[in-house]
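Asker: Sharing a structure below in structure tokens format, with a few things to ask.
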Amino acid sequence: MDFLPTNHHPPPSERLLKSGRFNNRLLCEIIKHLDFIKLMTDTEIYVDGIATMQIKNINDWLDAVRLQIIQQKNPDTNDLYLKVLESSHIQEEEYFFHTIHSDWDNIIRTIRENHEHAAESAPIERPMSNDKKV
């Protein structure tokens, strides 16, 4: 595990935190954000494949219903209900990437809003307006 030092050498995560290569204050704000736990949970569900079987079961059920309709009713290939069943398939990667991206959007948007008037943030207004000639 990365967090446990071995042979009195700091683990890679600790070395990275102390390196100054990124903004530790921002990392702390991300971790403290209310949606951070949601981000981590959604990420864990995707990475560990926790929902994979359930998603496959749902998609298999949709396929079975679609096939049953085709066998019983022989509808047109552009039948509304067949298209609804087809479009109801869950694309696991697409779903989770969208969900995780949305989590990040909420976190980053909130942090940016909190920084709008902070001294260390760049000013919102441009120093030179368009009506001034250079």
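The values are calculated or read from the model by the stated rules, or taken from the named source; none is laboratory data. All values reported here derive from a predicted model rather than from experimental measurement. Methodologically, a virtual Cβ is constructed for each residue, glycine included, from the backbone with ideal geometry; neighbour enumeration extends over all protein chains shown. Calculation scope for accessible area: heavy atoms of the full protein, side chains included, ligands and nucleic acids excluded. Shrake-Rupley method; radii C 1.70, N 1.55, O 1.52, S 1.80 Å.
Asker: Quick check on Ile31: is it over 30 Å from Thr110 (Cα atoms) and of a type in the set (Val, Ile, Thr)?
Answerer: So Ile31 does not fit the description; no.
Asker: Which residue pairs have Cβ atoms closer than 7 Å, lie 6 or more positions apart in sequence or on different chains, and pair a first residue in segment 39-68 that is in contact (Cβ under 8 Å) with a residue 60 or more places away in the chain with a second residue that is open to solvent by 40 Å² or more (accessible area, probe 1.4 Å)?
Answerer: Note: pairs meeting the criteria are Leu39/Trp104.
Asker: Quick one: in segment 48-78, of everything that is of a type in the set (Lys, Arg) and open to solvent by 80 Å² or more (accessible area, probe 1.4 Å), which residue is farthest from Thr99 (Cα to Cα)?
Answerer: Here the answer is Lys73.
Asker: Take Ile107 and tell me if it is of a type in the set (Val, Ile, Thr) and part of a helix (DSSP H, G or I).
Answerer: yes
Asker: Now for a different question. Pull up segment 19-47, narrow it to residues that are at pLDDT 95 or above and among the hydroxyl-bearing types (Ser, Thr, Tyr), then point me to the one that is surrounded by the fewest Cβ atoms within 10 Å (Cβ to Cβ).
Answerer: Of everything passing the filter in segment 19-47, Thr41 is surrounded by the fewest Cβ atoms within 10 Å (Cβ to Cβ).
Asker: Just one of Thr43, Thr52, Thr99 is within 25 Å of Leu17 (Cβ to Cβ), in contact with an Asp or Glu (Cβ under 9 Å, 6 or more places away or on another chain) and among the hydroxyl-bearing types (Ser, Thr, Tyr); which is it?
Answerer: The unique qualifying residue is Thr43.
Asker: Would it be correct to say that Thr77 is closer than 30 Å to Ile107 by Cα and either modelled with pLDDT of 95 or more or not in a helix (DSSP H, G or I) (or both)?
Answerer: Judged against the criteria, Thr77 is not a match.
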